[in-house]
1. If you go through the range 191-216 one residue at a time, how many are assigned to a strand (DSSP E or B) and either surrounded by fewer than 17 Cβ atoms within 10 Å (Cβ to Cβ) or touching a helix residue (DSSP H, G or I) at 6+ places or on another chain (Cβ under 7 Å) (or both)?
2. Restricting attention to the range 124-143, does a residue exist that is on the phi > 0 side of the Ramachandran plot and out of contact with any strand residue (DSSP E or B) (no Cβ under 9 Å at 6 or more places or on another chain)?
3. Please determine, by comparing only the residues of the range 130-169 that are in a loop (DSSP other than H, G, I, E, B) and in contact with a helix residue (DSSP H, G or I) (Cβ under 6 Å, 6 or more places away or on another chain), which one is farthest from residue 62 (Cα to Cα).
4. Scan the range 113-123 for residues that are touching a strand residue (DSSP E or B) at 6+ places or on another chain (Cβ under 6 Å) and either surrounded by 21 or more Cβ atoms within 10 Å (Cβ to Cβ) or assigned to a strand (DSSP E or B) (or both) and report the count.
5. Here are some residues: 109, 93. Which one is in contact with a strand residue (DSSP E or B) (Cβ under 6 Å, 6 or more places away or on another chain) and either in contact (Cβ under 8 Å) with a residue 12 or more places away in the chain or crowded, with 17+ Cβ neighbours inside 10 Å (or both)?
């Protein structure tokens with residue numbers, strides 16, 4: 001693995017910039033098996049140069065509002081985004097996916113999400129909502145395969161040895177119940193770490209929480 005650097009519009013993310021995102025956030029009081037899997041993954045990752053994501057920063061990215069940074073999106077425009085999301089998500093019901101196996105990659109570690117069908121449908125609806133509210137430039141990349149991030153690397157290390165440690169975790173899968181999409185104002189900051197290195201750390205502020213299928 002090598003140092004993780006977040007990206008925006010194909011370039012390195014400017015330190016401190018904020019961008020609106022649609023995320024899925026786990027409810028670990030309901031998904032107890034997922035909570036146990038996360039604990040095992042963190043234990044395996046602890047010896048590595050990875051900024052571990054705590055329970056309050058676990059997320060699965062659905063889409064980014066990529067046409068501009070969050071500070072350029074007014075309160076009225078945020079309301080329009082939330083309104084559009086409610087419209088497009090009203091036709092989809094809550095669903096369950098499987099989280100795992102854990103995977104070490106060049107940027108840290110993650111949990112794979114499957115099956116794809118419900119996630120692909122959800123992403124399509126979110127993308128339609130963003131385009132309706134902000135135009136075609138709101139979507140600028142495909143985002144890759146759905147996953148839940150576990151942590152971001154801040155230095156080089158062997159992904160192979162970390163993958164071996166993650167592979168020993170059993171059970172390596174858990175259910176993840178998806179009932180709402182969160183519109184969040186996401187920020188990355190570059191912080192000092194040991195050995196004269198820096199690490200990117202994520203935080204966010206809520207904008208709107210959109211229930212699937214119009215549920216509460």
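1. So in the range 191-216, the residues assigned to a strand (DSSP E or B) come out as 191-192, 198-211.
Remaining after also requiring either surrounded by fewer than 17 Cβ atoms within 10 Å (Cβ to Cβ) or touching a helix residue (DSSP H, G or I) at 6+ places or on another chain (Cβ under 7 Å) (or both): 191-192, 198, 201-203, 205-211.
Total satisfying the criteria: 13.
2. If we filter the range 124-143 for residues that are on the phi > 0 side of the Ramachandran plot, which is where we start, we get 135, 143.
Still in the running and out of contact with any strand residue (DSSP E or B) (no Cβ under 9 Å at 6 or more places or on another chain): 135.
Yes, that holds for at least one residue.
3. Looking only at the range 130-169, we keep the residues that are in a loop (DSSP other than H, G, I, E, B), and these are 135, 139-146, 154-158, 168-169.
Pick out the ones that are also in contact with a helix residue (DSSP H, G or I) (Cβ under 6 Å, 6 or more places away or on another chain) and you get 139, 146, 169.
On the way: 139: 11, 146: 8, 169: 27 Å.
Across the range 130-169, the extreme among qualifying residues is 169.
4. 2
5. Numbers: 93 fails: in contact with a strand residue (DSSP E or B) (Cβ under 6 Å, 6 or more places away or on another chain).
The unique qualifying residue is 109.
For (1) under 13 Å from the mean Cα position of the chain (by Cα); (2) over 21 Å from residue 142 (Cα atoms), each residue gets a yes or a no:
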position	(1), (2)
15	no, yes
20	yes, no
35	no, yes
39	no, yes
49	no, yes
63	yes, no
95	no, yes
103	no, no
111	yes, no
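Coordinate-derived values only; no laboratory data. What you see is a predicted model, and the numbers here were worked out from it, not measured in a lab. Neighbour counts run over all protein chains shown; Cβ positions are idealised from the backbone, glycine included.
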